[in-house]
1. Would you mind calculating the relative contact order of segment B:353-446 from Cα pairs under 8 angstrom and at least 6 residues apart, reporting the percent as a whole number?
2. Would you calculate the convex hull of the Cα atoms in segment B:527-692 and tell me its volume per residue in Å³?
3. Give the order of B:182, B:267, B:590 when sorted by the count of other beta carbons within 10 angstrom, beginning with the fewest.
4. Consider all pairwise Cα distances in segment B:711-842 and report the whole-number % of them above 19 Å.
5. So what are segment B:375-433's ellipsoid semi-axes, whole angstrom, largest first, if each one is the square root of 5 times an eigenvalue of the alpha-carbon gyration tensor?
6. Expected output is a single nm value to one decimal: the length gained when fully extending between residue B:452 and residue B:287, i.e. 0.36 nm times separation in residues minus the C-alpha distance. What is it?
7. Do the sum for chain A: with -39,500 (n - 2.57) for every DSSP H run of n ≥ 4, divided by all residues, what is the mean residue ellipticity at 222 nm, to the nearest 500 deg cm²/dmol?
8. Which of the lysines could be linked to residue B:825 by a straight reach, that is with a Cα gap under 24 Å, when you skip same-chain ones fewer than 8 residues away?
Amino acid sequence: MTTVLIVDDDPLVRKMLRLTLSQAGFAVRTAENGKVASQLLEESVSDVVVMDIVMPEKEGLETTVEIRERWPRIKVIAISGGARLGPTGQVRLEASQNLRLANRLGAHRTFSKPIDNDELIQAIRELASENL
Amino acid sequence: MAGALGGKETAAIPDDEHEGGVNRPRLLWFIFGMCALGLASDFLARALLVSGQITIFQRDVIGSVLYLAVTIITVRVAVIARSLHFVRRAVLLSIGLVVLSQVFNLIEDIPGPDQLLILSKQIPLPVRVEQLLFPIGYTVFIGSCLAALVEGEMARRQLVRERQTLADNIERRRQAEAELLHAKQGLEQAVQERTAELEEELRERQSAEKALRASESRLKAVFENYGLGIFTVDRRGRLQQWNKRWADLMEVDVTQAQDMDLPPLIHPGDSKAVMALVDEIFDGTKESIEVAMRVQRRNGSTLWSRLTASVMEYRAGRPWVMLGVMADITDVHEAQVRRTESARLLEAVISSAPMVIWSIDKEGQFTLSEGSGLASIGLKSGEVVGKSIWQLYADSPEILRQAREALAGRGTTQLSSTGGLMFRSTYSPLRGVDGDISGAIGVAIDVTKETQLESQMRRKQKMEAIGTLASGIAHDFNNILYAISGFNTLLKRRNSGDPDALDYLGEIENAVNRAANLVERILAFSARRERPFEAVDFGAEVQNVARLLRGSILPNIELRVDVAPDLPPVMGDPSQIEQMLLNLATNAQHAMAEQGGVLSVSLDIAAIEPGGPHSDRLLPGDYLRCVVSDTGVGISRDQLEQIFEPFFTTKPVGQGTGLGMAIVDNVVRTHGGIVAVDSAEGLGTTFTIYLPAIDPAAPMPGEFAHPVPRLEDIPPQHVLFVDDESAVCMFAELLFEGTPHRVTTCRNGEDALAAFEADPDDFDVVLVDQYMPGLSGTALCRLLHAIRPGLPVVVCSGLDSVSDREEAASAGAVDFLKKPISIDKLTSVMSMYAFGDAAGGNRS
């Protein structure tokens with residue numbers, strides 16, 4: 001069974017994805033930020049990580065780089081819902097920049113929220129099959 | 001006897017000749033005639049005696065009477081002839097005759113007188129010759145005596161007359177002498193009187209001369225020391241006299257001034273005019289002249305002077321010497337020149353000021369109307385002067401109100417629209433020297449362009465603000481939408497057998513899609529350039545959109561597409577151009593939704609000429625012109641100005657986002673073009689878009705408008721990149737990957753400072769985020785400059801506020817970049833400092 005780690009700071013999205021991906025037949029774990037994700041992966045690796053980019057604490061890009069370095073076999077799907085804001089609310093990087101960055105940092109697929117979940121499921125299946 | 005006679009006769013001849021021989025023969029003949037007559041009478045008497053017809057006595061009486069008569073006549077004649085000479089001859093002749101007769105008598109028997117008588121009686125006729133001699137001599141003697149007597153008397157009378165004449169002459173002379181004497185006396189008296197007078201006059205003259213000399217010396221002192229230059233010049237132009245002041249003015253040495261002429265002293269530029277005036281003085285045309293002129297001083301400098309001149313002396317009735325008075329007016333003239341120049345400048349400034357300037361008097365009559373802005377309202381300079389503002393602008397209550405306010409002492413400023421132009425009019429009261437209001441002045445500036453720019457700027461800012469907001473909320477919003485749509489999908493799977501539930505869930509999905517679409521549009525609208533521009537076939541895009549439209553267009557709308565062949569491409573983003581065309585088409589369809597109509601899209605090439613249409617907004621060159629027009633309801637004039645405003649819509653709530661036209665405007669502007677709109681209510685609307693055409697043959701740098709060098713082309717740089725966000729730092733690292741540049745990233749100012757301190761000369765350029773925990777960007781900038789002055793530091797911030805820019809500049813930052821930082825911007829900045837100049841940005 002393909003194991004998927006969902007990393008998103010939005011509990012609503014986490015819950016929705018957990019349900020969706022579970023129903024799609026994946027073994028799903030969730031983490032609310034990169035820090036938690038790293039801990040979970042240390043416990044046991046997943047096949048695929050669905051990684052939100054903009055998160056408090058340890059955020060997506062950093063975690064992606066870490067995964068690439070520590071667990072090169074893990075496939076990362078970066079998802080982003082929008083711009084990255086600075087401490088005073090100003091735009092730092094836009095969603096597309098985030099995803100492009102994620103791609104260059106080692107994400108295998110990128111999706112912009114809102115995502116068609118069918119496409120996401122399809123992408124997970126494809127990436128999981130690559131490791132078989 | 002004959003000889004003696006003859007001698008006397010000879011002696012007398014000179015007298016005769018002297019007294020007039022003209023009468024001599026006649027007189028001789030006359031005397032002889034008379035003697036003959038006496039003889040004839042004697043013979044006649046003797047004959048009568050002989051015949052006895054008369055007695056001796058009677059004969060004697062007759063003879064005596066005859067002799068007497070002859071004598072008287074002879075004397076008379078002699079007196080008449082006034083010939084003394086003749087008388088003397090007659091006397092001599094008669095004496096001769098008597099003597100001769102006595103001789104005869106003696107020869108014969110010398111009878112006495114008595115015997116003569118007796119003899120006579122005895123002698124018949126003819127009488128003997130000797131008897132005749134006596135009466136003749138006697139007659140002549142008597143006559144001569146008488147003549148001598150007469151002559152003597154006549155001479156005496158003549159003498160008396162002459163004496164009388166002499167006496168008269170003496171008398172007259174005496175009288176004349178007396179008169180002469182009298183005259184002489186008078187003369188002498190007159191001479192005396194005159195002498196006295198002359199002496200008096202002499203005294204007076206001497207005293208006058210003395211006074212004159214004193215006066216002259218005073219005058220001379222005045223003349224010499226007078227504050228104005230005085231000189232005299234004769235009609236030949238030769239200077240005669242001048243005072244010290246004049247010599248000072250002209251800087252003339254007195255010794256040099258000899259033989260000096262006036263004309264060379266006048267500046268060549270004024271010489272002709274001034275000498276013409278001087279000639280008028282000498283011609284007698286003018287009494288005096290006054291002229292401002294330049295004079296040429298001896299040292300070559302020029303002096304402005306005012307010359308006042310008039311005739312001083314006449315010779316032979318002609319003006320001969322002119323007196324000139326010269327004042328130094330250099331200061332006055334310079335002041336005047338400055339005033340004139342200032343006035344001219346003021347005039348020029350007023351008349352060419354890009355505004356309308358006017359003034360009115362208290363009655364509201366225009367007294368001034370100037371400025372180049374007049375042309376834009378169809379007026380000429382000064383055209384309305386003299387007209388009344390109350391009448392001229394009777395239809396413009398706003399203008400009249402401002403004028404009234406100004407005349408009441410209150411200045412006002414107002415924006416007003418006239419003939420499609422926007423003016424900012426300022427009215428102020430005009431006060432006279434006494435402080436009372438004497439009228440009003442007004443200035444109107446054509447602010448049409450500024451207003452347009454302002455509104456564009458406002459629109460841009462508004463869109464940017466919305467973009468920032470949209471970007472900011474998009475993250476959360478998309479998460480929410482994603483959650484909804486995900487749960488919705490889960491529900492649909494669970495309720496796949498319940499058609500109603502599926503129906504409801506479908507509606508939720510539609511709503512989510514619309515919301516997602518809206519967020520996408522808002523993000524698109526902020527028009528961040530996320531992909532590099534490329535050469536786009538605008539015609540193909542139009543055809544592409546036309547294809548899409550044909551599938552969805554309302555049946556009552558006819559679509560006409562006309563794309564000119566062989567059009568050059570434009571630089572741009574095809575998806576944005578497609579979006580722009582779709583928005584325009586959608587808008588047109590909405591305008592014709594009810595009554596139907598024609599939607600036409602045409603594309604051709606248009607050249608923008610300098611000074612031609614749109615040349616104020618576009619650079620000259622070739623542009624692709626896309627015209628999208630409909631025959632729909634049209635847009636009212638008020639709304640035309642607002643249609644490009646974000647969230648402005650005329651559609652019912654829920655039907656339009658109000659972003660369609662704003663996106664069009666934004667896309668056009670980011671593509672370096674313009675969009676113009678023209679509409680008539682009820683007839684339709686036409687949008688015309690101009691996008692700059694490019695030469696397809698020219699090499700493409702792959703970037704639009706401002707090609708920047710690739711990072712690879714810039715000389716190797718060591719960049720210190722400071723941002724508290726790890727993602728941004730990573731992004732920067734990625735950017736420089738594969739380039740000759742090195743980048744050192746720091747998460748905070750303190751780390752950056754430490755890295756820099758280790759080797760300050762190792763870094764070429766620093767990019768620092770403004771808002772970081774701990775040291776802020778500008779604080780770091782100051783610290784870095786403290787270590788290495790002149791280090792190029794670029795401050796970046798997500799907030800493009802004026803205060804941020806000012807703060808960065810005051811901290812010594814060389815540039816300010818607004819986040820998010822694109823590769824283009826970064827490369828631009830890097831190249832600028834790597835090449836050492838701003839022009840480096842154009843090298844590629």
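Every number here is computed from the coordinates shown, using simple stated rules; none is lab data. Keep in mind it's a predicted model, so treat the numbers as computed, not measured. So basically every Cβ, Gly included, is an ideal-geometry build from the backbone, and we count neighbours across all protein chains shown.
1. 30
2. Spread over its residues, the Cα hull of segment B:527-692 gives 119 Å³ apiece.
3. B:182, B:267, B:590
4. Summing the P(r) of segment B:711-842 above 19 Å gives 43 percent of all pairs.
5. After scaling each eigenvalue by five and taking roots: 20, 15, 12 Å.
6. Net length gain for the segment: 52.6 nm.
7. Computed ellipticity for chain A at 222 nm equals -14000 deg cm²/dmol.
8. Qualifying lysines at Cα under 24 Å: B:460, B:462.
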